[in-house]
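Novice: Got a structure here, written out as structure tokens. Questions coming.
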Amino acid sequence: MDLSFLAIQALNGLSSASSLFITACGLTLVFGVTRIVNFAHGSLYMIGAYTAATLVPRLLELSFGPATFWAGILASAIIVGLIGVLIEVLLLRRIYGAPELFQLLATFGVVLVVQDLTILIFGPEDILGPRAPGLRAPVEILGRRFPSYELVLIAAGPIVLALVWLLLRKTRFGVLVRAATQDREMIAALGVNQALLFTGTLFLGAFLAGLGGALQIPRVSANAGMDLSIIAEAFVVTVVGGMGSVPGAFLAALIIGELQAFGILIFPKSTLVVVFLLMAVVLAVRPYGFFGRPEVIGGTHAVGISSQKHSPFAPLTILAVVGTLASLPLIGDAYVLKVATEILIFALFAFSLQLLIGVSGVVSFGHAAFFGLGAYGAALAVKWFALPMEAALPAGLFLAAVGALIIGAFVVRLSGIYLAMMTLAAAQIIFAVAFQWVDVTGGDNGIVGVWPSAWASRQVSYYLFTLAVTAVTVLLLMRIINAPFGYSLRAARDSEARAEAIGLKIRQHRWLAFTISGAAAGLAGGIYAFSRGSVDPTLLGIPTSVDALTMLLIGGIQTVTGPLVGAGVLHVLRDQIMPLTSLWRLLLGLSIIAIVLIFPRGLVGTVRTWREEQA
Amino acid sequence: MTLLSVQDLSKSFGGVAAARDVSFMLERGEMLAIIGPNGAGKSTVFNMVGGQLRPDHGAVLLDGQNITLASPQKRFRLGVGRTFQVAQTFLSMSVAENVQMALVSHNRKSTALWAPARMRYHEEALALLEQVGMAESADHPCSALAYGDVKRVELAIALAGRPKLLLMDEPTAGMATRERAALMDLTAEIADAKGIGVLFTEHDMDVVFGHAERVIVLVRGRIIATGSPEEIRQIEEVRRAYLGDDHALEKPKGVSPAEGVSPA
């Protein structure tokens, strides 16, 4: 490892820092003004890459030359900017006042819609873009060859920073953007045309995302997985830099770029882990990132479970429901039982999340981490220690609980969006470990041969076993929710000041809740592993976390039973609709958006409100 | 022993001194009001006593024990109850449950996982609600109450911790005139019966002069006068400095916070 090699690595780090900054800068600007964390920002980046990879070659056919190439990149970015405007006008404008959980989910709905639309429009194949005319030959640096396009990228970051700085300092629009970032109420009081300001900001943000994506085409082919991989990194950059801060994003991107470039030398396979560990460390020391400000984040949107009249029929209802479910094997065939088993598992998973979101007001965006830890814990116990199911399930539960205990120690110090991002990051770390530690976890292929004990191996007996575990755990959790502990969590959610003034130790309570919730999710994950006979990293991925959130959303986060109903509805819908159409994600995305806009209380909540109005 | 002893409390925010060498004492059963124009540092002093702010220097002693750096939770355990300028209650719970939560915490049962919270300390909660005249609303959701009633519930919550010191930040803000007198009469009665010291800030001069036994006048972070309501009324400096209007003390309804007026 000589000096020239280190120099090249540093340059590589700078070029990825530049790309990352351009994209993250848009995200942080949009957040600063609208206070919405736009999940769809990664999708805009992906659209930028696809558009450029399609558009630029056509333009180059007309007239070959650097001017054409860069004009094509710019045109692609402008097209993406216009798509951003469309998203603002159609969706974001309607959810500025919604709880942040709904905002996150709605923009994730856009992610799903864009995924299917991208494949529909650009086809399922990756598209390799053209190389930039005039920049094809590598340059020689300290005796090593270095792609000249990378040098352009290195320059692009500071150029964008300078232009954005000029825009923010020298134009009226920029002044308004800064004012809105500092104090949103004041900007409303000044009588500024807010709609125009927000739409303009979205154009700028989307333009930058599109530019970031378009600039990638000579390096990587446009592919359908770009959106989630870039959004995770862009989140880290904005959170580490401080949400809303452009210089913060630049600094964070630089650090992360270099960390990745040199991290590869030390831990060849763990660059993701290094990046997310950085975020964990920074947030542990500075809970609002480098340049973020605490007052920006309003944790005021607490919505969740409230006290209900105690019904004397509740035990009877529970008995009836469990009894009905227990007699399902009498009428259902193996396929129905398999589906029912999965619904029960996801009901338990979603319900464990309800303890955090509906009860504690803690928006965890990485609950898949614990589901996956439980699944992997069980599978690893089977694979490496040859434990039977009876011992492997508790092992999985234990692993998930320990994971939740550790992650919880970091996140309970945070609130609102920072907490959501931190949980997301934690889940991504674990995802990266499962994905990259091939020797132990089997990497992408996962672990197979995770079969239940003989007594539970038939579909009927495994279904009944799942039903028993789910019912007992859900009832225990309900008990906890109604016990003083659950009420203390709700108290801290309703009013932190009041909760502190009556002596409640909020962080300790939330930490315990996090651990209990993680353990329950881990149990669900373990049962899931044995029901499928295998585990793989997708169990830990963002889509799994979003599944749980969607179930909560469908059922309603204001109700205790909502997640159970939501799990059933989502699973049945998926089961019925997926075979009929290849556009399942499009439909799911649109449904999520529709629920946020039309039924924010979820199915159970809406029915309850409707019944209360009738009465 | 003196219940509350505040010694030389100072606090600056970015070079602006919000409190300068503030010292005062409060005895059991006494009602002490802190008044002053907007920005005088009332809330700063108040939050340093309540544990929401950490002073730059100075000390807060409760029954001789130094609590200057204690968390709000710790102060609650030591017998400090408080109400907030904008009433803070648990809106997702019923009125009774709000008080039950404070009782649960007082009895250190907040991590109990089994028996339902709504069954615990129900009788005690009702008794406290009875004291503040809210027993009939015990089963109503707290979110459905009128604001004046929420303030009463908040008082019951604060009393649930069996405080020896009660901190009330603008206790009657946002209430109708008649409700104001009723709430303060009630507070005085309870404080007297239980030997609770009450420290409150207030804008309404009727409330201050009708209920405080002693008044502290704070201007620009400094105490400029201390005394009985009658004495305070007579001090020329207070009239000018605090109200900037010679007649304001006679006609409290017209109180306008006069920030531009400098103390003599």
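The values are calculated or read from the model by the stated rules, or taken from the named source; none is laboratory data. The shown structure was predicted, so the numbers you read here are calculated from the model rather than taken from an experiment. Heads up, the Cβs are rebuilt from the backbone with ideal geometry, glycines too, and the neighbour counts pull from every protein chain shown.
Novice: Taking the options B:PHE90, B:PHE84, name whichever one is within 30 Å of B:SER137 (Cα to Cα), more than 17 Å from the chain's Cα centre (by Cα) and not charged (D, E, K, R).
Specialist: Numbers: B:PHE84 fails: more than 17 Å from the chain's Cα centre (by Cα).
Of the residues listed, the single one that is within 30 Å of B:SER137 (Cα to Cα), more than 17 Å from the chain's Cα centre (by Cα) and not charged (D, E, K, R) is B:PHE90.
Novice: Across segment A:214-232, what is the number of residues that are charged (D, E, K, R) and buried (at least 24 other Cβ atoms within 10 Å of the Cβ)?
Specialist: Total meeting the criteria: 1.
Novice: Quick check on my filter: what residues within segment B:55-85 are facing chain A (nearest Cβ under 9 Å), surrounded by fewer than 17 Cβ atoms within 10 Å (Cβ to Cβ) and in a loop (DSSP other than H, G, I, E, B)?
Specialist: Scanning segment B:55-85 gives a single hit, B:SER71.
Novice: Looking at (1) more than 14 Å from every other protein chain (Cβ to nearest Cβ); (2) surrounded by 21 or more Cβ atoms within 10 Å (Cβ to Cβ), which is the only condition A:ALA491 fails?
Specialist: Among (1) more than 14 Å from every other protein chain (Cβ to nearest Cβ); (2) surrounded by 21 or more Cβ atoms within 10 Å (Cβ to Cβ), A:ALA491 violates only (1).
Novice: Let me ask something additional. Looking only at segment A:592-615, which residues are without any contact (Cβ under 8 Å) to a residue 40 or more places away in the chain and of a type in the set (Gly, Ala, Ser)?
Specialist: Within segment A:592-615, A:ALA594, A:ALA615 meet the criteria.
Novice: Looking only at segment A:309-320, which residues are within 18 Å of A:LEU477 (Cβ to Cβ), touching a helix residue (DSSP H, G or I) at 6+ places or on another chain (Cβ under 9 Å) and without any contact (Cβ under 8 Å) to a residue 60 or more places away in the chain?
Specialist: Once the filter is applied, which keeps residues that are within 18 Å of A:LEU477 (Cβ to Cβ), touching a helix residue (DSSP H, G or I) at 6+ places or on another chain (Cβ under 9 Å) and without any contact (Cβ under 8 Å) to a residue 60 or more places away in the chain, segment A:309-320 yields only A:HIS310.
Novice: When both residues are 6+ apart or on different chains and their Cβ atoms are under 7 Å apart, which pairs have a first residue that lies in segment A:394-414 and is in a helix (DSSP H, G or I), and a second that is surrounded by fewer than 24 Cβ atoms within 10 Å (Cβ to Cβ) and of a type in the set (S, T, N, Q)?
Specialist: The qualifying pairs are A:ALA401/A:THR515; A:ALA404/A:THR515; A:LEU405/A:THR515; A:GLY408/A:THR515.
Novice: Would it be correct to say that B:ALA40 is buried (at least 19 other Cβ atoms within 10 Å of the Cβ), of a type outside the set (Val, Ile, Thr) and more than 8 Å from every other protein chain (Cβ to nearest Cβ)?
Specialist: So B:ALA40 passes the test.
Novice: Follow-up. Return the total of residues in segment A:221-242 being in contact (Cβ under 8 Å) with a residue 24 or more places away in the chain, at negative phi and assigned to a loop (DSSP other than H, G, I, E, B).
Specialist: Number satisfying all stated conditions: 3.
Novice: While we're on this one: So is A:VAL474 in contact with a strand residue (DSSP E or B) (Cβ under 7 Å, 6 or more places away or on another chain), more than 14 Å from chain B (Cβ to nearest Cβ) and buried (at least 23 other Cβ atoms within 10 Å of the Cβ) or not?
Specialist: Numbers: in contact with a strand residue (DSSP E or B) (Cβ under 7 Å, 6 or more places away or on another chain): no; more than 14 Å from chain B (Cβ to nearest Cβ): yes; buried (at least 23 other Cβ atoms within 10 Å of the Cβ): yes.
Judged against the criteria, A:VAL474 is not a match.
Novice: Output the number of the condition that B:LEU126 fails; it satisfies all remaining conditions of (1) within 30 Å of B:GLN7 (Cα to Cα); (2) among the hydrophobic types (A, V, I, L, M, F, W, C); (3) away from chain A (no Cβ under 12 Å); (4) out of contact with any Lys or Arg (no Cβ under 7 Å at 6 or more places or on another chain).
Specialist: Condition (1) is where B:LEU126 drops out.
Novice: Which of the residues belonging to segment B:14-39 are free of Cβ contacts under 8 Å to residues at least 12 places away in the same chain and not aliphatic (A, V, I, L, M)?
Specialist: B:GLY14, B:GLY15
Novice: Next up: Which numbered condition trips up A:LEU387, out of (1) free of Cβ contacts under 8 Å to residues at least 60 places away in the same chain; (2) in a helix (DSSP H, G or I)?
Specialist: Tallying (1) free of Cβ contacts under 8 Å to residues at least 60 places away in the same chain; (2) in a helix (DSSP H, G or I), A:LEU387 fails exactly one: (2).
Novice: When you go through B:ALA225, B:ALA264 one by one, which is the residue that is outside any helix (DSSP H, G or I), farther than 24 Å from B:ARG28 by Cα and at pLDDT below 90?
Specialist: On the way: B:ALA225 fails: farther than 24 Å from B:ARG28 by Cα.
Within the list B:ALA225, B:ALA264, the selection yields B:ALA264.
Let's see how each residue does on (1) assigned to a helix (DSSP H, G or I); (2) more than 18 Å from A:LEU202 (Cα to Cα):
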| site | (1), (2) |
| --- | --- |
| A:ALA7 | yes, yes |
| A:LEU14 | yes, yes |
| A:GLY26 | yes, no |
| A:VAL37 | no, no |
| A:GLU61 | yes, yes |
| A:ALA67 | yes, yes |
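Novice: I'm checking my understanding of the structure. Among residues of segment A:108-143 that are out of contact with any helix residue (DSSP H, G or I) (no Cβ under 6 Å at 6 or more places or on another chain) and of a type in the set (Gly, Ala, Ser), which one is surrounded by the fewest Cβ atoms within 10 Å (Cβ to Cβ)?
Specialist: Among those residues, the one meeting the criterion is A:ALA137.
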